[in-house]
1. Testing ASP77 on (1) touching a residue at least 60 places away in the same chain (Cβ under 8 Å); (2) surrounded by fewer than 23 Cβ atoms within 10 Å (Cβ to Cβ); (3) closer than 15 Å to LEU242 by Cβ, one condition comes back false. Which one is that?
2. So for the range 349-367 (the condition being in contact with a Lys or Arg (Cβ under 8 Å, 6 or more places away or on another chain), closer than 25 Å to ASP77 by Cβ, assigned by TED's automatic domain parsing to the domain that holds PHE237 and surrounded by fewer than 17 Cβ atoms within 10 Å (Cβ to Cβ)), does at least one residue qualify?
3. Does the range 180-187 include one or more residues that are of a type outside the set (D, E, K, R) and within 19 Å of the chain's Cα centre (by Cα)?
4. Residues in the range 189-218 that are farther than 26 Å from ARG168 by Cβ and buried (at least 20 other Cβ atoms within 10 Å of the Cβ): how many?
5. Among PHE104, PHE61, PHE110, PHE53, which is the only one that is among the aromatic types (Phe, Trp, Tyr), more than 30 Å from MET194 (Cα to Cα) and in contact (Cβ under 8 Å) with a residue 60 or more places away in the chain?
6. Restricting attention to the range 1-24, and to residues there that are closer than 22 Å to THR200 by Cβ and at pLDDT 85 or above, which single residue is surrounded by the fewest Cβ atoms within 10 Å (Cβ to Cβ)?
7. Hey, among the residues in the range 245-293 that are polar (S, T, N, Q) and closer than 23 Å to LEU311 by Cβ, which one's farthest from the chain's Cα centre (by Cα)?
8. Between residues in the range 233-251 that are surrounded by fewer than 24 Cβ atoms within 10 Å (Cβ to Cβ) and residues that are of a type in the set (S, T, N, Q) and assigned to a helix (DSSP H, G or I), which pairs lie under 7 Å by C-beta distance while being six or more apart or on different chains?
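The values are calculated or read from the model by the stated rules, or taken from the named source; none is laboratory data. Quantities reported herein were computed from a predicted structural model and do not represent experimental measurements. Cβ placement follows ideal geometry from the backbone for every residue including glycine, while neighbour counts extend to all protein chains displayed.
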Amino acid sequence: MNAVTAFAQDLTPLDRLPLSDALAALVAEASDYDCTGADAGALVRPLVQAGIFLDVLPEPFGAGLATEASKVDRLHDLLRRIGGANLSAGRLFEGHVNAVKLVFAFGNAFQRAEVRDGVLAGDLMGVWNAEAPPGVRLESEAGGLVLQGSKIYASGVGLLKRPLITARDVDGALHITAPKAANRAPFDLSGWRMRGMRATATGTIHLDGVSVEPTEIIGGPGDYYRSPGFRGGAWRFATVQLGALEEIVRLMTQGLKSRGRAADVHQKARLGQAEIAVQTARLWTLHAADVVEGGASSAAEADACAGMARLTVERMALEVIELAERALGLMAFSEAEPIERIVRDLSTYLRQPFPDAVLDGVGEWVFDR
């Protein structure tokens, strides 16, 4: 059992840390984890103590946050609030949600039960998909299956008990694997030299020779990219980003008040623009969450809606960052101010892959519609 999360075992609602206290702890400790190679397990410990990693499981084991469309508003609120407290913690929690959703969408009864029992025992999950050429392969060796290759930008390295790892077979088909042996694979955090999101324990994991049992292959070929689960899931990380966006506006307001600038007409105009951007981002993520998790007439509509939400949040975030920096001046660039770290984290987290392809897909959906 993972030593960091072992105390989650047998956690009951009465034992849980109140969510508000967990979020306050994330805020209070955020600067301590703002360094490459930070202990991601210690970072998310308040969230584990609050029981939210358990809540992604279906009822009666959890609250169904990852498996029931009726809980989408609660999941949206949770992702947003965690993102506002600490984006790195939000990234790790969203990855856990993603992994559990994949297993319960495509896994068989045995695999679902195994993941359920693991999460109840304190396991944290995530998905490792990004890779450099030639990518990770699923190969036959000595009568069994093994992985060959490395994953890059893998978050939660050294923390995740059962990561889901994508790999291609000899025919090029993509599979979702959940190898227990991945826990022992060597990894390297030195390559994650980004200016933000330093606390996510992101790095390269070397998977050469990691064995994969037949029961550790989730679903069928191509399920990982199947719509709307893959592209549609963008609403979740966009909602984490929304939380940080709201926090930037709050800190912007606080900073202007502390400097006696609340009556300045130019600053009020900036603040008004920033709030419009936040409300726009919030409406888009809420709409995308509802459409993707059950309200879409087609997978294409779900993909397009999530893509529009993702791109809108990105545009609104870049606008708010500029407004905050112009409003606060050098205060926004001071390492002593929380807003400086949040802007760094958000600017990094916004850089999700293939934005042009997402926009192209939205346009294609409009034509087809």
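1. All conditions pass for ASP77, except number (1).
2. yes
3. Looking through the range 180-187, none of the residues is of a type outside the set (D, E, K, R) and within 19 Å of the chain's Cα centre (by Cα).
4. The total comes to 4.
5. Selected residue: PHE110, the only one of PHE104, PHE61, PHE110, PHE53 that is among the aromatic types (Phe, Trp, Tyr), more than 30 Å from MET194 (Cα to Cα) and in contact (Cβ under 8 Å) with a residue 60 or more places away in the chain.
6. The selected residue is ALA24.
7. Among them, the one singled out is GLN273.
8. Listed by first residue and then by second, the contacts come to GLY233/ASN98.
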